[in-house]
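Written out below as structure tokens is the structure these notes cover.
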Amino acid sequence: MTDKIFSKEEWLGGLEALRKTYGVFVPVKDGDFHTFMPFDKGNIPDFDYQNSRLSPKSVVYPQSERLFEYTLDKADSEADIVKESPKDYSPRAVVGIRPCDVQAFQIVKRNFDNPEYRDPWWVQHFESTTLVGLGCNEPCSTCFCTEVGGGPFNQEGLDVLIFDMGETYLLRGLTDKGEALLGKITGGSPADDQALKNAEDLAASASKKITSSIPTDKLKEKVTNDLFNAPFWEEIAFACLNCGTCTFLCPTCWCFDIQDEVLGKEGDRIRNWDSCMFPLFTLHGSGHNPRDNKFQRVRQRFMHKLKYYVDKYDNGVQCSGCGRCVRYCPVNIDIREVCNLMNNY
Amino acid sequence: MENPYLPYPVRIDKIITETEDRNLKTFRFVFLNPEDEEKFAYTPGQFAELSIAGKGEIPIGIASSPTEKGFVTFTVNKTGLVTTYLHNMNEGDVMGIRGPLGNWYPWDEMEGKNVIIVGGGFAFTTLRSSIISMIDPANRSKFKDITVVYGARTPGMLLYKDELAEWEQRDDINMHITVDGTDDPDWKYNTGFVPTITEEKITSADNAIAIVCGPPIMIKFTQPVLEKLGFPPERIILSLEMRMKCGIGICGRCNIGDQYVCKDGPVFSLAQLKEMPSEY
């Protein structure tokens, strides 16, 4: 574990140099919000942000990704045979990712990289990515990472953790991948004991700023069908528009659709993010739909995150407490309230 | 890195129109690379994704038996975009198969027991796979009595008519074929709904396990018949359908509670289903 102090200019210069060996993704101010984009001439990093509107999950798991390609040209001896699309798995770094969004990768990994099947695209994108996290000095009012196993300076899953010390950054290499990245950045000086103490104080004070209390301790012991048949689902779902914003913004939502698209005689098999908020998600060919009603879909979203996932993996809830679904829900449905209802039912 | 989404290329070797409404066809596929057939080692009850470049994939139960070598067959109902396209394809055309996927009927548990098979309509496909496998000389002695109740709306809607007639002739399998109704004066089998015929023909649940596949309405009315006969929910086995994409428990759409129908199913016992949310 290396702790190094960089001046902010030095660090920015280091990031520019890093682009020679890594595809570097950074938060870029984009209107009123920040978005993770490739660091290049047009995209200047801006680390003065609470969190990006969309998490950087798309760096590992693109919203739309070509999986396979094929030709339908019968003159071709390989016509109609589906083949893997070539992929670029050269090293990438996400710089400035918040610890909650890193924790989200750890949650999603249990789905894409499980003992029975490894999703080749997710796994290889993930393995080629170095996560350089930026601790949160000022968590938002909707943040609750500390309630779901994380924290504003949580190091789990990070390769490097950045402490914003005001005039300087303290960078902590946490893994071989992280140390390798830091080794490519010149300058900086070793952090002294005072700097390390200041960093710990910063982390402790940030944790205290999270005031939400969301107990999840009883979810595991609840009987699935009791929660499923609980009387509160219609009421929770009453205002829901089924817009899908919650699942779209969620760094731990992983569901996808697979579709074929053809232009002329050339075709692709692609996968796109999908959402359990949409009726088409479960519509059978026969016309039957097990989740025909809005409240069933709302129930599915919360039951998946707060009960099914808990039972399946025995490793906490499928939520990293980033608070995006709370902040951006147009009708103020709040996962913290739903979690309280479920935990106390 | 191994890619579980990559289909094996296959050639359509034979197409059989099964039913009088021409809505059900059986497709026999041969692997373009012979070594893929070994990789596609399956057990009756499993399914696969039929994959058509430019159209997409559909999950379909495997209708052939592992005892049948050199090909794999699926019986497909014409319903949506992929199945409609498939119905218009020809022998010799190339497409893909991805699998085998899902779990299978509880073969270990069924050994030494009487096996009751109850099927309705076009859900008879993996049951055909099971019957062929069980009556194979290498396997028949593993099971006690095998009894089959299979019904369709009309005689013309029954699948695998030649094989049904052949099984009727055998003395190591009890066949009870039925139709909801028919005006065919030569119809020599039963007339009546599957649950009714099950009640008439099945007399005991002793040392027996029942596999039930059919439309929801048939399952709904067969279940109490079997329970009345004394089948505990652990010995009533069902196979479910669900909209699927990945088929390997990753894409997230076919769950019932914390179970994925594609990976943890499609075969569940009634006892398991009673513990799961009733959302299917």
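The values are calculated or read from the model by the stated rules, or taken from the named source; none is laboratory data. Here the structure is a predicted model, which is why all the values come from computation and not from measurement. With ideal geometry, Cβ positions are generated from the backbone for all residues, glycine too; neighbour counts draw on all protein chains shown.
Tabulated values for the structure
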item	result
Pair list, Cβ under 6 Å, 6 or more apart: the stretch A:269-289 residue without any contact (Cβ under 8 Å) to a residue 40 or more places away in the chain, other residue assigned to a strand (DSSP E or B)	A:274/A:256; A:274/A:257
Pairs where the first residue, in the stretch A:82-109, is in contact (Cβ under 8 Å) with a residue 24 or more places away in the chain and under 12 Å from residue A:131 (Cα atoms) and the second is of a type in the set (S, T, N, Q) and part of a strand (DSSP E or B), C-beta under 8 Å, 6+ apart	A:91/A:129; A:91/A:130; A:92/A:129; A:92/A:130; A:93/A:129; A:93/A:130; A:94/A:129; A:94/A:130
For residue A:33: the one exception among (1) farther than 25 Å from residue A:185 by Cα; (2) within 14 Å of chain B (Cβ to nearest Cβ)	(2)
Where a residue in the stretch B:151-164 is in the same structural domain as residue B:176 (by TED's automatic domain parsing) and its partner, wherever it lies, is assigned to a helix (DSSP H, G or I) and hydrophobic (A, V, I, L, M, F, W, C), with Cβ under 6 Å and at least six apart	B:151/B:194; B:159/B:124
Pairs with Cβ under 7 Å, 6+ apart, first in the stretch A:59-79 and closer than 30 Å to residue A:24 by Cα, second surrounded by fewer than 18 Cβ atoms within 10 Å (Cβ to Cβ) and of a type in the set (Ser, Thr, Tyr)	A:66/A:85; A:67/A:85; A:68/A:85; A:69/A:85
Test: residue in the stretch A:255-272 that is β-branched (Val, Ile, Thr) and more than 10 Å from chain B (Cβ to nearest Cβ)	yes
Number of positions in the stretch A:60-82 that are out of contact with any strand residue (DSSP E or B) (no Cβ under 7 Å at 6 or more places or on another chain) and more than 12 Å from chain B (Cβ to nearest Cβ)	2
Residue under evaluation residue B:137, criteria (1) in contact with a strand residue (DSSP E or B) (Cβ under 8 Å, 6 or more places away or on another chain); (2) surrounded by fewer than 21 Cβ atoms within 10 Å (Cβ to Cβ); (3) without any contact (Cβ under 8 Å) to a residue 40 or more places away in the chain; (4) not in a helix (DSSP H, G or I), criterion not met	(1)
Conditions (1) in contact with a Gly (Cβ under 6 Å, 6 or more places away or on another chain); (2) in contact (Cβ under 8 Å) with a residue 24 or more places away in the chain; number of the one not met by residue A:260	(2)
From the options A:85, A:128, A:90, residue that is of a type in the set (Gly, Ala, Ser), more than 15 Å from the chain's Cα centre (by Cα) and more than 14 Å from chain B (Cβ to nearest Cβ)	A:90
Test for residue A:175: is it at pLDDT 95 or above and surrounded by fewer than 20 Cβ atoms within 10 Å (Cβ to Cβ)	yes
Of all residues in the stretch A:314-335 being part of a helix (DSSP H, G or I) and either at the interface with another protein chain (Cβ under 9 Å from one of its Cβ atoms) or β-branched (Val, Ile, Thr) (or both), the one that is surrounded by the fewest Cβ atoms within 10 Å (Cβ to Cβ)	A:326
Residue match in the stretch B:102-116 (condition: closer than 25 Å to residue A:83 by Cβ, of a type in the set (A, V, I, L, M, F, W, C), in contact (Cβ under 8 Å) with a residue 40 or more places away in the chain and outside any loop (DSSP other than H, G, I, E, B))	no
Residue match in the stretch B:140-150 (condition: in contact (Cβ under 8 Å) with a residue 12 or more places away in the chain, within 16 Å of residue B:64 (Cα to Cα) and crowded, with 21+ Cβ neighbours inside 10 Å)	no
Of all residues in the stretch B:50-81 being under 24 Å from residue A:266 (Cβ atoms) and of a type in the set (A, V, I, L, M), the one that is farthest from the other protein chains (Cβ to nearest Cβ)	B:50
One residue from A:84, A:116 being acidic (Asp, Glu), surrounded by fewer than 18 Cβ atoms within 10 Å (Cβ to Cβ), in contact with a Lys or Arg (Cβ under 8 Å, 6 or more places away or on another chain) and assigned by TED's automatic domain parsing to the domain that holds residue A:182	A:116
Wholly within the stretch B:180-280, helices (runs of 4 or more DSSP H) carrying at least 3 residues that are crowded, with 21+ Cβ neighbours inside 10 Å and more than 11 Å from chain A (Cβ to nearest Cβ)	B:194-201, B:216-229
Per-region count, the stretch A:273-294, residues in a helix (DSSP H, G or I), crowded, with 16+ Cβ neighbours inside 10 Å and more than 10 Å from chain B (Cβ to nearest Cβ)	1
The stretch A:1-45: number of residues that are basic (Lys, Arg) and without any contact (Cβ under 8 Å) to a residue 12 or more places away in the chain	2
Residue match in the stretch A:254-270 (condition: part of a helix (DSSP H, G or I), among the hydrophobic types (A, V, I, L, M, F, W, C) and exposed (fewer than 15 other Cβ atoms within 10 Å of the Cβ))	no
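Each row is one residue, and each column tells you yes or no for (1) closer than 16 Å to residue A:62 by Cα; (2) not polar (S, T, N, Q).
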site	(1), (2)
A:82	no, yes
A:100	no, yes
A:105	yes, yes
A:134	no, yes
A:144	no, yes
A:154	no, no
A:157	no, yes
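Yes/no matrix, rows are residues, columns are (1) under 30 Å from residue A:21 (Cβ atoms); (2) assigned by TED's automatic domain parsing to the domain that holds residue A:71:
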residue: A:177; (1), (2): yes, yes
residue: A:190; (1), (2): yes, yes
residue: A:193; (1), (2): no, yes
residue: A:196; (1), (2): yes, yes
residue: A:246; (1), (2): no, no
residue: A:256; (1), (2): no, no
residue: A:260; (1), (2): no, no
